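Below is one structure, written out as structure tokens, with a few remarks after it.
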Protein chains: 2
Amino acid sequence: MTTIIAVDTLIFMFNTEDGMILEKKKAFNEFAQSKGLRSTRQRDIILDIFLSTHQHVSVEDLYLKVKASHPGIGYATVYRTLKLFSEAGLAREILLHDGQTRYEHVLAGEHHDHLVCTGCNAIIEFEDETIEKLQDEIAARHGFLIRRHKLELYGLCARCRNIG
Amino acid sequence: MTTIIAVDTLIFMFNTEDGMILEKKKAFNEFAQSKGLRSTRQRDIILDIFLSTHQHVSVEDLYLKVKASHPGIGYATVYRTLKLFSEAGLAREILLHDGQTRYEHVLAGEHHDHLVCTGCNAIIEFEDETIEKLQDEIAARHGFLIRRHKLELYGLCARCRNIG
DNA sequence: AGTAATGTGAAATTGAATATCAAAAGCAGA
DNA sequence: TCTGCTTTTGATATTCAATTTCACATTACT
């Protein structure tokens, strides 16, 4: 009986945004602990704010957001903390055409590529199983062991095609 | 009769490296003319040396090559000239994982992507018609008009897998 | 040749990423 | 809770490639 309630709760947690946030906080705490990192107010705040974002953020973006409510927190701390999130598996660095590193949220078991509008800078995520397979084949043909890949499509979104 | 000889010569030109080089020089001269650019000794030299390379070169790489035979030519000139080649359609800028812009030769009607060995920095070019098509489909599904794309596979080549 | 405009080279600037370091804060043990 | 050691922080400096600047040289045109 107790077990069943716990399972329900767990499913609930994973299916709501709040649950996701709690889960990620837990994951980060575990990472921090395993690495012998200390728990600091700044990191908690930055994690909260990062988790509250939905787009791909640059260090600058997040720094500005953080500074708005916590003016004492410096750029370097945001920079270092985002790197930590990345190591912890909560965030992923993405480098697009404009040479600005952005961080996106990592969702469990998910991989995707990017469709970027050069007009309005919108970033759309997509996934294509067939492309992934073809990539593996190409790599195999050349004797490569693929570690990661990067597929970005640049163009104009429906809206920008009409405006621009 | 005269016409037939001319056609033969043209085919010959396009099928040899020297012919390719002549063709590219001509293309650049036409571009320069259309843009009202002046013809300078430096640009001629840099074009010659660029056309003599076979790999993907960074500005630094080409600058060093140029300096070896023509010490008077500065970095900025090589930099600006490579940009010009790029505008003229002779070269294409490629940005790989290491944050160094490289220039590759543009061959008529050819498109390819890159397989990069993170062990020895070898760059292998490949082409996959199916992937291209899938990309177009994905773009269409999102109402995008694709201008360009970037597909890079990072991993270890056969040799580096064994060594490292 | 004269002259107006473009090109060149050295050096300066930019912009993002990253490193430095003194001061502040967290943590384990007394 | 206090101590002392270690990590973290925040401001600033450094790095590194890309790009711009500017005085001088060179080119195209008459």
If you go through B:GLY99, B:GLY89, B:GLY72, the only one that is at positive phi and near DNA strand D (Cβ under 10 Å from one of its atoms) is B:GLY99
Check your understanding: Can you find even one residue in segment B:110-131 that is of a type in the set (Ser, Thr, Tyr), touching a Phe, Trp or Tyr at 6+ places or on another chain (Cβ under 9 Å) and modelled with pLDDT under 95?
Key -> yes
Expected single match for surrounded by fewer than 20 Cβ atoms within 10 Å (Cβ to Cβ), within 19 Å of the chain's Cα centre (by Cα) and hydrophobic (A, V, I, L, M, F, W, C) among B:ALA140, B:ALA122, B:ALA91 is B:ALA122
Going through (1) closer than 25 Å to B:LEU151 by Cβ; (2) within 13 Å of DNA strand D (Cβ to nearest atom) one by one, B:SER39 fails only at (1)
Among B:THR77, B:THR118, the single one that is among the β-branched types (Val, Ile, Thr) and out of contact with any Cys (no Cβ under 9 Å at 6 or more places or on another chain) is B:THR77
- Task: Could you check, for segment A:89-96, whether at least one of its residues is at the interface with chain B (Cβ under 10 Å from one of its Cβ atoms) and under 26 Å from B:ARG102 (Cβ atoms)?
- Result: yes
Residues of segment B:13-71 being part of a helix (DSSP H, G or I), within 16 Å of DNA strand C (Cβ to nearest atom) and among the hydroxyl-bearing types (Ser, Thr, Tyr), in sequence order, are B:SER34, B:TYR63, B:SER69
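So, in segment A:143-164, exactly how many residues are part of a helix (DSSP H, G or I), within 7 Å of chain B (Cβ to nearest Cβ) and surrounded by 14 or more Cβ atoms within 10 Å (Cβ to Cβ)?
Residues that pass the stated criteria total 1.
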Is it true that some residue in segment A:153-164 is within 19 Å of A:GLU93 (Cβ to Cβ) and touching a Lys or Arg at 6+ places or on another chain (Cβ under 7 Å)? yes
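The values are calculated or read from the model by the stated rules, or taken from the named source; none is laboratory data. None of these values were measured; they are calculated from a predicted model. Backbone-built Cβ (ideal geometry, glycine too); neighbour counts: all protein chains shown.
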